[in-house]
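The values are calculated or read from the model by the stated rules, or taken from the named source; none is laboratory data. The model shown is predicted, which means the values in this text are computed figures rather than measured ones. Cβ atoms come from the backbone with ideal geometry, glycine included; neighbour counts cover every protein chain shown. Areas reflect the complete protein model, heavy atoms only, side chains present, ligands, DNA and RNA absent. Shrake-Rupley method; radii C 1.70, N 1.55, O 1.52, S 1.80 Å.
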Amino acid sequence: MRLSPFTDEHDLLRKVVRHWAESEIAPHLADWEKQGDFPDSVFRRAGELGFLGLAFPESAGGQGGDFWAQVVFLEEIGRVSQAIAMVLSVQTDMATPPILEFGSDRQIERWLKPALRGELIGAIGITEPDTGSDVASIRTRAVRDGDDWVLRGSKMYITNGARADFITMVVRTGELEEDDPWGGISMFIVDTSLPGFEVSRKLAKSGMRMSDTALLFMDGMRLPADALLGAEGEGFRQIMWELQGERIGVSIFGVAGARAILDQTIRHAREREAFGRPIGQFQAVSHRLADMATEVEAVQALIYECCDLWTRNVYATEEVAMAKLAVGQLCNKVADAAVQTLGGAGLVEGTFISREWLGMRIGRIGGGSDEVQRQILSRIMGLA
């Protein structure tokens with residue numbers, strides 16, 4: 001990979017995204033977090049500006065850019081809010097890529113193109129009340145009935161679930177076989193306007209409150225035949241492919257958030273005085289910040305390596321698992337060190353540091369927990 005993956009066009013895009021993030025998103029974050037919600041117009045505005053389809057081909061309604069354009073977008077949103085980066089990443093890196101990769105022309109017209117315009121909001125449906133990272137154990141089931149599918153089950157902790165117009169969902173369509181534990185799973189595009197779909201509960205969280213997270217029920221939903229995404233029984237392979245892109249996406253905006261926290265903490269250490277001098281001149285503080293800066297740069301390099309591999313269509317399971325694990329731990333370590341450095345100011349409700357400190361904790365859980373990433377790496381090393 002070249003020293004910098006970004007061109008002049010990427011740099012111009014970064015300025016445009018940063019202006020939008022700082023002028024139209026950042027001023028409202030404290031209120032949105034307090035309210036536990038944000039307006040759907042954020043999606044529409046991002047669509048109007050072309051941000052939701054940066055790396056999608058023009059034939060599918062996108063801007064025809066490369067993946068590094070998407071990196072720029074996620075980094076700039078991650079600088080101001082992990083919560084908004086999360087909900088927009090669900091739209092751009094989780095719910096819609098499988099439609100492009102596995103969908104029919106009709107599905108692209110019906111779901112993908114309006115989603116890239118911000119007219120439809122998507123979600124990804126994997127986790128259930130009794131199963132999370134163990135995708136092979138999902139219980140939500142779709143059964144054929146004539147030309148339709150009848151869907152029953154529930155999904156839990158679904159980001160965008162309370163507002164989604166469609167959910168790219170993995171469900172069981174066949175029996176769990178001992179000799180094929182990953183078979184019998186299919187992927188569907190679930191239209192949430194159909195009878196039988198219910199947002200049972202919007203879950204209150206301690207962090208990322210503005211990002212809606214929902215418990216969903218599907219009670220005898222009749223899905224048309226063309227709700228099936230790709231081939232029946234291919235859902236496990238499809239969702240494993242999706243998770244690679246998802247983990248890269250959350251890693252990109254995660255480290256961008258960690259860098260933003262570090263920058264603000266350094267500024268505070270230069271300006272805040274104690275015992276007659278800036279606190280940054282005390283070795284306990286300066287060395288802490290030096291360690292933070294070193295770790296941010298190291299993890300950033302790993303993420304960019306993953307991005308480079310992704311652009312070359314390399315299925316880099318090992319590198320992506322390492323990046324996801326490293327970013328989750330980095331974000332929490334940097335945020336905690338920032339709070340320690342700021343003292344009481346780091347805990348004041350409504351401030352950037354306190355909001356991101358709480359929100360970053362999800363990074364070690366969502367998209368495959370730390371434990372799952374360690375298990376993946378253990379298997380690759382021949383230890384599990």
*For LYS202, LYS155, write out the residues from largest to smallest accessible area, computed with a 1.4 angstrom probe and no ligands counted.*
LYS202, LYS155
*Check the chain and count each lysine pair with an alpha-carbon distance under 18 angstrom, considering only pairs eight or more places apart or from different chains.*
5
*Cα centroid distance between segment 196-239 and segment 313-384, in Å?*
25
*segment 326-383 - accessible surface per residue (Å², probe 1.4 Å)*: 48
*State whether the chain is rounded, prolate or oblate according to the following rule on the C-alpha gyration tensor (a ≥ b ≥ c being the square roots of its eigenvalues): a/c under 1.5 gives rounded; otherwise a/b larger than b/c gives prolate, and the remaining case gives oblate.*
prolate
*Within the chain, helix-based [θ] at 222 nm, where runs of 4 or more DSSP H residues each add -39,500 (n - 2.57), nearest 500*: -14500 deg cm²/dmol
*Table column - 3J(HN,Hα) (Hz), segment 223-231, Karplus curve with 6.51, -1.76, 1.60, x for Gly and Pro*: 9, x, 4, 7, 6, 5, 9, x, 8
*Under 5 Å, built H, 5+ apart or other chain: amide partners of GLU234*: MET187
*Could you rank the peptides 65-72, 87-94 by their average count of other C-beta atoms within 10 Å per residue, with the highest value first?*
87-94, 65-72
*Which residues' amide hydrogens lie under 5 Å from the amide hydrogen of GLY183, considering only partners 5 or more residues apart or on another chain, with H built in the peptide plane?*
GLU177
_Taking 0.36 nm per residue of sequence separation and subtracting the Cα-Cα distance, how much length would be gained by fully extending the chain between ASP66 and SER206, in nm to one decimal?_
46.8 nm
_Phi-based couplings in Hz for segment 190-201 (Karplus 6.51, -1.76, 1.60; Gly and Pro marked x)_ = 9, 7, 6, 7, 6, x, x, 8, 9, 7, 5, 7
*Using only the Cα atoms of segment 144-256, build the gyration tensor, take square roots of its eigenvalues as a ≥ b ≥ c, and label the shape rounded, prolate or oblate: rounded if a/c is under 1.5, else prolate if a/b is larger than b/c, else oblate.*
oblate
*Once amide H atoms are built 1.01 Å from N in the peptide plane, which residues 5 or more positions from MET221, or in another chain, come under 5 Å H to H?*
LEU151
*Starting from the Cα of LEU3, move 7 Å in the Cα-to-Cβ direction to define the label point; list residues of segment 243-261 whose amide nitrogen is under 13 Å from there.*
none
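Figure the gain on full extension for LEU49 and ARG374 (residue separation times 0.36 nm, minus the Cα-Cα span) and round it to one decimal in nm.
Result for the pair: 113.1 nm of gain on full extension.
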*For an R0 of 30 angstrom, estimate the FRET efficiency from the Cβ-Cβ distance between GLU318 and VAL16 and round to the nearest 0.05.*
0.30
*Express the relative contact order of the chain as a whole percentage, based on alpha carbon pairs under 8 Å and six or more residues apart in sequence.*
16
*Would you please give the FRET efficiency between ARG237 and ARG277, computed as 1/(1 + (r/R0)^6) with r the Cβ-Cβ distance and R0 = 56 Å, to the nearest 0.05?*
0.40
*Have a look at the DSSP beta bridges in the chain and tell me what percent are antiparallel, nearest 5.*
85
*³J(HN,Hα) across segment 310-315 via Karplus (A = 6.51, B = -1.76, C = 1.60, θ = phi - 60°), whole Hz, x for Gly/Pro?*
5, 5, 9, 6, 8, 7
